[in-house]
Amino acid sequence: MTFKILSLDGGGIRGILSATILKQVETTLQEKKGQKLHEYFDLITGTSTGSILAAGIACQMNTEQIINIYLEEGKNIFLESVRQQRKWRKVSQAMGNHLLYPHEQGEQGLAKILQKKLIHSQLHKSPKISEINKPNILIPAYDVYSRNTTWFVNNYPSVGQAWYDPIDLWKICTASASAPTFFPPYELPYNAEQSLPHIDGGVSANNPALLAIAHALLIEKQNGLKLSDIAVLSIGTGNTTRPYKYDQIKEWGQLGWASHLADIFMNPAAKNSEDICYQIMESAGADHLRLNFDLNEHLQADQKSGYLRTLLNKSYNKYIFKNKNEYKEINEDIDNPDNCVDLIEASECYLACGEVYYKKQWIPVGEAIQWFID
């Protein structure tokens, strides 16, 4: 019997891209199996914004409800007042925490929104992680105090309770989504005397697919689960492809490098995880489908060498162009809620006309989703 894993990357507001792809998975799943996402997948893992998606599914929300979190509450997470300050970071260095998005500010802030929105449809409340029985979930966050990635799971096969069992799921998601340079760290109570500060799980695992495979083999060890029995559907938040020239980066300094932490340092780790996951799964004859795409075309091939080396006059999303014959550039920022409509459009065009390498051939994305579910 196949053990099915859903893995969801980090990427801030661009989680709406993943949610849009998930909506197609949900539709196909309902048509073919008569099941919902939380019924079909045995294990769901998500980092940062992916943890919000994973928690939403675990709370038995549908994708339309999850998409609406981004559309309706994105502006209450990534506050416009803070975003404008961040644009002037070079002259606002002394403002410190004012350049970070708050966890709580009245009824706004990441923690406040997640507390309000992550309500289990049957429990009728915001659940503790230990109250989620099915599906299995895994949410990574980085423990700055212990210098260790915490794997928050609802079914660790050990004697007694895990220290985080009594913690609300929304708090764990807040910790996992607290990206450095965007949010302050988030404290989770460890015991009566101590709490542990956590930051975004993307610091160590922005693509958590490998973690999920390892966890699945552990929790299903008694049932004889083998790597070849696992099927992984891994969904990204769009690849940042904006090029940087030497003349730009040599002038960045400490603040400049910090402001590009997410798109320069987290993305390569996610890509490495994707490549390693693919090779491991391929070697075992297991099933692995990765759905993701470049947000924009910035470069074109040199006609003589074939290498990508010439900057385009205008960057654009190739799926919108292919599907609608329209040149449109997608804003690649992960903290701009104004991007949501364009991200949905790009995702829908990717689903309509994109192709993915799956089962040793290039096939349409929609067809690949159907094959995976079959």
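Do you know the relative contact order of the chain, to the nearest whole percent, from alpha carbon pairs under 8 angstrom that are 6+ apart?
Details: 695 pairs, mean separation 76.8, N = 374.
It comes to 21 percent, rounded to a whole number.
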Selected from A54, A175, A214 as most flexible by GNM, with the chain as the system and alpha-carbon contacts under 10 Å: A214
Coil-residue trypsin sites (Lys or Arg not before Pro) of the stretch 12-90, DSSP, other Cβ within 10 Å capped at 16: K36
Pairs of alpha carbons in the chain whose separation is greater than 40 Å (percent): 12 percent
Most fluctuating residue given options N317, N223, N267, as computed from a GNM of the chain linking Cα atoms under 10 Å: N223
E131-S283 pseudo-label distance in nm [points 7 Å out on the Cα-to-Cβ vector]: 4.3 nm
5 angstrom amide H check on D294, placed H, neighbours 5+ away: N239
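Taking the Cα centre of the stretch 103-251 as origin, work out the dipole magnitude from +1 charges on Lys and Arg Cβ and -1 charges on Asp and Glu Cβ, in debye rounded to 20.
Values: 13 positive and 13 negative charges, 70 e Å.
Using only the charged Cβ atoms, the result is roughly 340 debye.
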The chain: most fluctuating residue of I119, I139, I13 per GNM, C-alpha cutoff 10 Å: I119
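Using a 1.4 angstrom probe, figure out how much accessible area the chain has per residue, in square angstrom, rounded to the nearest whole.
On the way: 17610 Å² over 374 residues.
Result: 47 Å² of accessible area for each residue.
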Mean residue ellipticity (222 nm) of the chain, computed from DSSP H runs ≥ 4 via -39,500 (n - 2.57), nearest 500: -11500 deg cm²/dmol
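Suppose every Lys and Arg Cβ carries +1 and every Asp and Glu Cβ carries -1, with no other charges. What dipole size does the chain come out with about its Cα centre, to the nearest 20 debye? Walk me through the numbers on the way to the answer.
Working: 36 positive and 42 negative charges, 78 e Å.
Roughly 380 debye, rounded to the nearest 20.
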Solvent-accessible area, 1.4 Å probe, carbon plus sulfur percent, for the chain: 49 percent
Given K36/K87; K4/K245; K128/K360; K32/K359, the pairs whose alpha carbons are separated by over 31 Å: K36/K87; K4/K245; K128/K360
Within the chain, percent of DSSP bridges classed antiparallel, to nearest 5: 55 percent
Solvent accessible area, Å² - D294, 1.4 Å probe, full protein context: 60 Å²
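The values are calculated or read from the model by the stated rules, or taken from the named source; none is laboratory data. Keep in mind it's a predicted model, so treat the numbers as computed, not measured. All Cβ positions, glycine included, derive from the backbone under ideal geometry; neighbour counts span all protein chains shown. Please note that ligands, DNA and RNA were not included when accessible areas were found on the heavy atoms of the full protein model with its side chains. Shrake-Rupley method; radii C 1.70, N 1.55, O 1.52, S 1.80 Å.
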